[in-house]
Amino acid sequence: MTSRRRPADLRPSPETASQPLPGTARELFDALPQLPGLRTEVIDGRLIVSPVGTPEHGWLAMLLSYELYPLILDRDWHGYAGNVDVCIDGPRDPVEPDFVLAPADCPRWGDRKLLSSGLIMVAEIVSPGSVVDDRDRKPGIYASGQVPIMIIVDPVATPATVTVLSDPKDGVYLTSTRVAVGSPVHIPEPVGFTLDTSVFEKALGNP
């Protein structure tokens with residue numbers, strides 16, 4: 001049996017019909033209803049609405065979460081695999097990383113969004129439709145928001161790679177370490193952990 005998601009009703013209600021139309025990407029984001037099955041972000045002044053990742057995409061994020069799980073328990077941190085919103089300090093733009101590592105008492109913007117400056121680390125899993133945003137745009141966004149560490153798992157690259165970015169300053173990560181999937185890579189403080197990226201090999205079809 002095939003199920004079909006009911007489309008969101010975006011028509012104005014009597015209460016909202018007289019309100020001015022959104023003038024910025026952020027205002028349009030705030031005006032949107034919840035859109036199950038879609039990811040909504042504001043990237044460089046653009047409202048990006050995209051489908052959630054493939055099962056393989058989500059599995060890579062979960063594998064990263066599993067690798068960090070003992071560390072998360074030991075330090076009483078919280079890990080979120082593609083299910084938490086982040087507010088970038090400064091422009092207050094919303095993004096939804098594929099993985100977020102945060103202290104239990106991470107400050108928030110409103111009820112839903114974690115503030116970027118309170119995070120420990122974020123990670124993005126590159127997909128064919130997000131290559132430019134994940135590789136080129138989001139590092140600057142997270143560095144500007146004072147996220148200490150960003151990881152980019154890039155199965156689209158040939159060969160697949162894992163990049164660790166750290167030391168954010170003036171909107172740029174000053175330190176970058178890239179390895180081919182299968183090699184260990186050190187994640188610096190405040191994480192202080194060596195990630196064995198061979199955990200991703202089977203998920204990428206390279207047992």
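The values are calculated or read from the model by the stated rules, or taken from the named source; none is laboratory data. Quick caveat, the model's predicted, so the values are computed rather than measured. Positions of Cβ are generated from backbone atoms using ideal geometry, with glycine treated the same way; all protein chains shown enter the neighbour counts. Remember, those area values only see protein heavy atoms, side chains included, never the ligands or the DNA or RNA. Shrake-Rupley method; radii C 1.70, N 1.55, O 1.52, S 1.80 Å.
Which ones in segment 124-148 are among the hydrophobic types (A, V, I, L, M, F, W, C) and touching a helix residue (DSSP H, G or I) at 6+ places or on another chain (Cβ under 6 Å)?
Selection gives ILE125, VAL126, VAL147.
Just give me the residues in segment 161-183 being within 27 Å of LEU204 (Cα to Cα) and either in contact (Cβ under 8 Å) with a residue 60 or more places away in the chain or out of contact with any helix residue (DSSP H, G or I) (no Cβ under 7 Å at 6 or more places or on another chain) (or both), in sequence order.
Matches in segment 161-183: THR161, THR163, VAL164, SER166, THR175, SER176, THR177, ARG178, ALA180.
Of everything in segment 127-167, what is touching a His at 6+ places or on another chain (Cβ under 9 Å) and β-branched (Val, Ile, Thr)? Give them in sequence order. Reasoning before the result, please.
Of segment 127-167, the ones touching a His at 6+ places or on another chain (Cβ under 9 Å) are 127, 155, 164.
Across segment 127-167, the qualifying residue is only VAL164.
Just one of VAL172, VAL131 is modelled with pLDDT of 95 or more and out of contact with any Asp or Glu (no Cβ under 7 Å at 6 or more places or on another chain); which is it? I'd like the intermediate steps shown before the answer.
Working: VAL131 fails: modelled with pLDDT of 95 or more.
Among VAL172, VAL131, only VAL172 is modelled with pLDDT of 95 or more and out of contact with any Asp or Glu (no Cβ under 7 Å at 6 or more places or on another chain).
Pairs, please: C-beta under 7 Å, at least 6 apart or cross-chain, first residue assigned to a loop (DSSP other than H, G, I, E, B) and in segment 86-111, second charged (D, E, K, R) and open to solvent by less than 40 Å² (accessible area, probe 1.4 Å)?
Between residues of segment 86-111 that are assigned to a loop (DSSP other than H, G, I, E, B) and residues that are charged (D, E, K, R) and open to solvent by less than 40 Å² (accessible area, probe 1.4 Å), the close pairs are GLU96/ARG39; GLU96/GLU41; GLU96/ASP85; PRO97/GLU124; ASP98/GLU124.
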